[in-house]
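Novice: Here it is, the structure in full.
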């Protein structure tokens, strides 16, 4: 068995165990599971992966009839007459690992989308883990990835900056097209969890490098550099984002609304002043760039002692508004990348946040406590010109 096949087999086995032992709570924050297991695969190091409890009960039902004990077709319960026929506005393609519809891999479905199509192509992805690297090129605009729930459908891969010849190329999924939408699906990078300072261990779950992208009810799982919000205008609604170091980074102009941000940095001893994580690393390089991250009505929790952001580039811009924060946030809140010359050019603001981590009395001098007028720019989809392009969830 090849290393990738073995890794996938273990993924399925561990998800099965988790699903059999865990009652899924609708609160995403309880869905963090860190499973550390060692495998000897030639000279490969131990595999350390983050998992969420996938519902395998449905998969088991497909393989056995509980009443008669007779095997049945894995496709017996598959929706009839699916996918629906193509219309003037929409093409639907179907992905199922068991071969119950058009494609067995997500990349094969993406490849089948007509180039430069003005139609919305919905790629409906059945429950399961799709262990593959997926690239959506510029020539494939207007694509929707429709999963069956972010605890039921996932695309996973295990590249790192070292294996992919750069952090930017390590993404399990890389989106370069415009008007991309994802609903109810998870993006995972299951590479080994790095220690702070490890070289070449950055491992991106998804890179979004196209304009006008929207994510509804999605999960993003990794450790260092989980979500590469690279460039363009993006919207994240009711998403779950997990990581440890700079786990939301890039130079996008993005609104995160109602999202749960969970640090999985190692716990620190009470009273320790050491820092072992950061939520954001925004990459705005000049005052002329119209970019920045805005987090509204979100929550920040988990483990470690972390910053809300650090200034990856000298004009880094991030705002947290109406967001709850636990005490894992260090009192200074932010970091200028240890370069005081950036203090006059970065824009880090907070507005009416709550929780033990939102106490601004010890914040770094360059952090701004925004008033109503200053904050209003960042509080809704007008920040990303959503009235011009953002579709409703049901579209």
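The values are calculated or read from the model by the stated rules, or taken from the named source; none is laboratory data. Keep in mind it's a predicted model, so treat the numbers as computed, not measured. Here Cβ is always computed from backbone atoms with ideal geometry, including for glycine, and neighbour counts include all displayed protein chains.
Novice: Scan the stretch 317-325 and tell me whether some residue there is touching a residue at least 40 places away in the same chain (Cβ under 8 Å), more than 17 Å from the chain's Cα centre (by Cα), under 26 Å from residue 391 (Cβ atoms) and part of a strand (DSSP E or B).
Specialist: yes
Novice: Considering only residues of the stretch 210-219 that are within 14 Å of the chain's Cα centre (by Cα) and either assigned to a loop (DSSP other than H, G, I, E, B) or touching a residue at least 60 places away in the same chain (Cβ under 8 Å) (or both), which is nearest to residue 170 (Cα to Cα)?
Specialist: Applying the filter and picking the extreme gives 219.
Novice: Does any residue of the stretch 104-126 turn out to be more than 20 Å from residue 205 (Cα to Cα), touching a helix residue (DSSP H, G or I) at 6+ places or on another chain (Cβ under 6 Å) and without any contact (Cβ under 8 Å) to a residue 24 or more places away in the chain?
Specialist: Scanning the stretch 104-126, I find no residue that is more than 20 Å from residue 205 (Cα to Cα), touching a helix residue (DSSP H, G or I) at 6+ places or on another chain (Cβ under 6 Å) and without any contact (Cβ under 8 Å) to a residue 24 or more places away in the chain, so the answer is no.
Yes/no per residue for (1) more than 16 Å from the chain's Cα centre (by Cα); (2) under 22 Å from residue 252 (Cβ atoms):
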site: 100; (1), (2): yes, no
site: 139; (1), (2): yes, yes
site: 143; (1), (2): yes, yes
site: 153; (1), (2): no, no
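Novice: Step by step: first the residues of the stretch 194-208, then only those that are crowded, with 21+ Cβ neighbours inside 10 Å and in a loop (DSSP other than H, G, I, E, B), then the one that is nearest to the chain's Cα centre (by Cα). Which residue is that?
Specialist: Going through the qualifying residues, I end up with 205.
Novice: Just checking, which of 149, 171 is at pLDDT 95 or above, assigned to a loop (DSSP other than H, G, I, E, B) and touching a strand residue (DSSP E or B) at 6+ places or on another chain (Cβ under 7 Å)?
Specialist: Result: 171 is the single residue among 149, 171 that is at pLDDT 95 or above, assigned to a loop (DSSP other than H, G, I, E, B) and touching a strand residue (DSSP E or B) at 6+ places or on another chain (Cβ under 7 Å).
Novice: Would you point out which residue out of 89, 121 is farther than 25 Å from residue 154 by Cβ and in contact with a strand residue (DSSP E or B) (Cβ under 7 Å, 6 or more places away or on another chain)?
Specialist: Only one candidate qualifies: 89.
Novice: Please verify whether the stretch 99-106 includes one or more residues that are assigned to a helix (DSSP H, G or I), in contact with a strand residue (DSSP E or B) (Cβ under 8 Å, 6 or more places away or on another chain), modelled with pLDDT of 50 or more and under 21 Å from residue 219 (Cβ atoms).
Specialist: yes
Novice: Confirm whether residue 268 is surrounded by fewer than 24 Cβ atoms within 10 Å (Cβ to Cβ) and either in contact with a strand residue (DSSP E or B) (Cβ under 9 Å, 6 or more places away or on another chain) or in a strand (DSSP E or B) (or both).
Specialist: For residue 268, the condition - surrounded by fewer than 24 Cβ atoms within 10 Å (Cβ to Cβ) and either in contact with a strand residue (DSSP E or B) (Cβ under 9 Å, 6 or more places away or on another chain) or in a strand (DSSP E or B) (or both) - is met.
Novice: Can you find even one residue in the stretch 315-328 that is at pLDDT below 95 and either surrounded by fewer than 19 Cβ atoms within 10 Å (Cβ to Cβ) or touching a strand residue (DSSP E or B) at 6+ places or on another chain (Cβ under 6 Å) (or both)?
Specialist: No, that holds for no residue.
Novice: Only residues that are surrounded by fewer than 20 Cβ atoms within 10 Å (Cβ to Cβ) and under 22 Å from residue 79 (Cβ atoms): list them for the stretch 104-121, please.
Specialist: 104, 105, 108, 112, 119, 120
Novice: When the stretch 125-141 is examined, which residues are found to be part of a strand (DSSP E or B) and more than 13 Å from residue 97 (Cβ to Cβ)?
Specialist: Of everything in the stretch 125-141, those that are part of a strand (DSSP E or B) and more than 13 Å from residue 97 (Cβ to Cβ) turn out to be 134, 135, 136.
Novice: Return the total of residues in the stretch 276-313 being in a loop (DSSP other than H, G, I, E, B) and either more than 15 Å from residue 244 (Cα to Cα) or modelled with pLDDT of 95 or more (or both).
Specialist: 16
Novice: Could you please find all residues in the stretch 291-314 being closer than 29 Å to residue 270 by Cβ, touching a residue at least 40 places away in the same chain (Cβ under 8 Å), crowded, with 22+ Cβ neighbours inside 10 Å and in contact with a helix residue (DSSP H, G or I) (Cβ under 7 Å, 6 or more places away or on another chain)?
Specialist: Residue satisfying the conditions is 300 alone.
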